[in-house]
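**Q** I am attaching a structure below and will ask some questions about it afterwards.
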Amino acid sequence: MSRIETVTIEDPSEAVQQIRGFRAWQDFAKANFPWAEASDRKDGEFRANVKVRSFGDRSLSMIKADDYRVARTEHGVRSANAERLKVMWLLAGTMAVEQDGHSNRLVPGMAAICDTGRPYRLWLADDIRIVMLALPYTAVPGWDRLSQKVCGTALADRASLRAALAALLALLDEPRTSASVANDADPILHAVQWMLSASLHQPIAPGKRAPSRLKLDLAHQYILSHIDDPALSPDELAYALHMSRRKLYQVFKEQQITPGQYIRDVRLNAVAQAFRSTRNARRGILEIALDYGFSDSASFSRAFKAAFGLSPSAWRQRESTEALSVEHLIGPIERAA
């Protein structure tokens, strides 16, 4: 039987793009997901319906498609230079994920995560429907310590992941022409990042007790709700969680970080995200830092440079330039929509 291979994208200005033909899908994937190489799993006409939303260095997509495979090769890692963490929620179908020696098969209701800075593979089948969120490494404090532990694994279906998915689905359902989308997306994505961080920072080794997971979730939530308080300390955190200081340090030791370092990482990540927001474009660096509990410019600058490798002003300038570059690329598409 000869292979049917149409190569069209129907109504690209629509919120849901209908893609027909695998070559068209490969072209679409190359433009929207440059970190991956897609290959077909069957003969016949390939069909996919896709929603994609871009928010600066973050992107959100929902894909409903026929069977296909995705490979992030060593060559792709070297040439694409698109280092992101990619979170995937499986809504329908089946998916197998492989990275860093971990291999897991997912069923609907489960989620997984990959790091595009290293090779990985995905197998998707049975009328797949999936939501994917691509984020910069800075979206999850301590990602360098977590990455090889969680990538390629099936994330537990905890309340924070389900809540994050619900928020993303609501964001995807917003009309692309809605004037409120741009303003609403930023706080929603920040909340999703915080929920994701809370989930990933929970103990992941087999046999860890549920109370430890709960304590880490509560610690993360407490830090976020008191992030503007410069006096927030491990002692206060231990008191709020009704545990001894020694026990608090034991809980965080499982994540190879101290409570003080974790508080600092959450603050720094929040500042980094605030720097990206257009709402803060006219605000000074120290003014923003003070909002997140830093008390003076010198200590904040030292901590920020140690975490991100650049001074706050240089990092902000770089992020601003990259955001403008992305806006230049996606602007015509958004305006057409």
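The values are calculated or read from the model by the stated rules, or taken from the named source; none is laboratory data. Just so it is clear, the model here is predicted, and its values are computed rather than measured. Cβ coordinates were reconstructed from backbone atoms using ideal geometry, including for glycine residues, and neighbour counts include every protein chain displayed. The protein model used for the area step is the full one, side chains on, heavy atoms only, and it has no ligands, DNA or RNA in it. Shrake-Rupley method; radii C 1.70, N 1.55, O 1.52, S 1.80 Å.
**Q** Nearest 0.05, what FRET efficiency do Ala191 and Lys30 give at R0 = 45 Å with Cβ-Cβ as r?
**A** In this case the efficiency is close to 0.90.
**Q** Full-extension gain between Glu83 and Ala167, please, as 0.36 nm times their residue separation minus the C-alpha to C-alpha distance.
**A** Gain in length upon complete extension: 27.8 nm.
**Q** Would you mind computing, in nm to one decimal, how far apart the modelled labels at Thr153 and His242 are, each placed 7 Å from Cα along Cα→Cβ?
**A** For Thr153 paired with His242, the spin-label model returns 2.8 nm.
**Q** Hey, got the Cα dimensions of region 62-136 along the principal axes, in Å, largest first?
**A** In descending order, the Cα extents are 32, 22, 20 Å.
**Q** In what sequence, highest mean first, do 293-305, 61-73 appear when ranked by Cβ atoms within 10 angstrom?
**A** In descending order of packing, they fall as 61-73, 293-305.
**Q** Give me, ordered by chain and number, the residues 5 or more places off Asp66 or on other chains with an amide H under 5 Å from its own placed amide H.
**A** It is Arg47, by chain and number.
**Q** Ordered by residue, what ³J(HN,Hα) values in Hz, to whole numbers, does region 280-287 give under the Karplus form 6.51 cos²θ - 1.76 cosθ + 1.60, where θ = phi - 60° and Gly and Pro are x?
**A** Once rounded to whole Hz, the list reads 9, 4, 9, 9, x, 4, 5, 4.
**Q** Cross-link list Lys64/Lys86; Lys149/Lys305; Lys30/Lys86; Lys30/Lys64: which exceed 19 angstrom alpha carbon to alpha carbon?
**A** With Cα atoms farther than 19 Å apart: Lys149/Lys305.
**Q** Moving to a separate point now. Report, in whole Å, the centroid distance computed from the Cα atoms of region 256-278 and region 79-117.
**A** 25
**Q** Oh, and also: Could you derive backbone 3J(HN,Hα) for region 299-304 from the dihedral phi with the Karplus parameters 6.51, -1.76 and 1.60 (θ = phi - 60°), listing whole Hz in sequence and x where the residue is Gly or Pro?
**A** 5, 5, 4, 5, 5, 5
**Q** Once the mean 1/r over all distinct Cα pairs of region 129-173 is inverted, what Kirkwood radius in angstroms do you read off?
**A** One decimal place: 12.3 Å for the Kirkwood radius.
**Q** Rank these by accessible area, largest first, 1.4 Å probe: Trp194, Trp25.
**A** On the way: Trp194 85, Trp25 5 Å².
These residues rank, largest area first, as Trp194, Trp25.
**Q** Would you compute the Debye intensity of region 216-309 from its alpha-carbon atoms alone, equal scatterers and no solvent, and pass along log10 I(q)/I(0) at q = 0.23, 0.24 Å⁻¹ to two decimals?
**A** -1.17, -1.24
**Q** Using a simple spin-label model with points 7 Å from Cα along the Cα→Cβ vector, what separation in nm is obtained for Tyr249 and Ser311?
**A** Going by the 7 Å Cα→Cβ label model, 3.6 nm.
**Q** Full extension from Ser233 to Gln261: what is 0.36 nm times the residue separation minus their Cα-Cα distance, to one decimal in nm?
**A** 9.1 nm
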